[in-house]
Amino acid sequence: MSAQADRLAAKALAQLKRYGQGATLTRRTTGAYDPALSTAPATVTTHAVQVLVQADNGYQELAPAGTVKVGRRKLLVAAAGLPVTPGPGDEVGPLEGCTWRVLRTDPPVQLQGTPVLYVLRVAA
């Protein structure tokens, strides 16, 4: 990471700490099926994140009747210090009294190929 990207990532994190809120990013992964146990072991990892919640206007995803889908939010997540890239199926919460499931991740805001800010589209 370049010095300029480091400074920008640190500034984004500082702004999200100031105007956003803390939350937890949870990722659940399922391992290989174990015939002896008749189950597939699940691994849960959690990461502390700084998040700014925005309303998702839904202009890119309209319901069949042309109405905006409700219960959606857009989350801005600081990339600094986050060891994973958020993706569909991850959960972020608690925010606004519930846990939000990541539906998709927009291309990250980045500088010289280094992610600075992740934009997540989520639903309750």
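The values are calculated or read from the model by the stated rules, or taken from the named source; none is laboratory data. Only a predicted model underlies this, so the values are computations on that prediction, with no experimental measurement involved. So basically every Cβ, Gly included, is an ideal-geometry build from the backbone, and we count neighbours across all protein chains shown. Protein only, heavy atoms only, side chains kept; ligands, DNA and RNA dropped before computing areas. Shrake-Rupley method; radii C 1.70, N 1.55, O 1.52, S 1.80 Å.
Checking each residue in the range 90-116 for being in contact (Cβ under 8 Å) with a residue 40 or more places away in the chain, of a type outside the set (D, E) and open to solvent by less than 30 Å² (accessible area, probe 1.4 Å) picks out V92, G93, L95, T114, V116. Annotation for the range 23-32: at least one member residue is in a strand (DSSP E or B), more than 22 Å from L120 (Cα to Cα), open to solvent by 40 Å² or more (accessible area, probe 1.4 Å) and without any contact (Cβ under 8 Å) to a residue 60 or more places away in the chain. For the range 78-124, the tally of residues that are part of a loop (DSSP other than H, G, I, E, B) and of a type in the set (S, T, N, Q) stands at 2.
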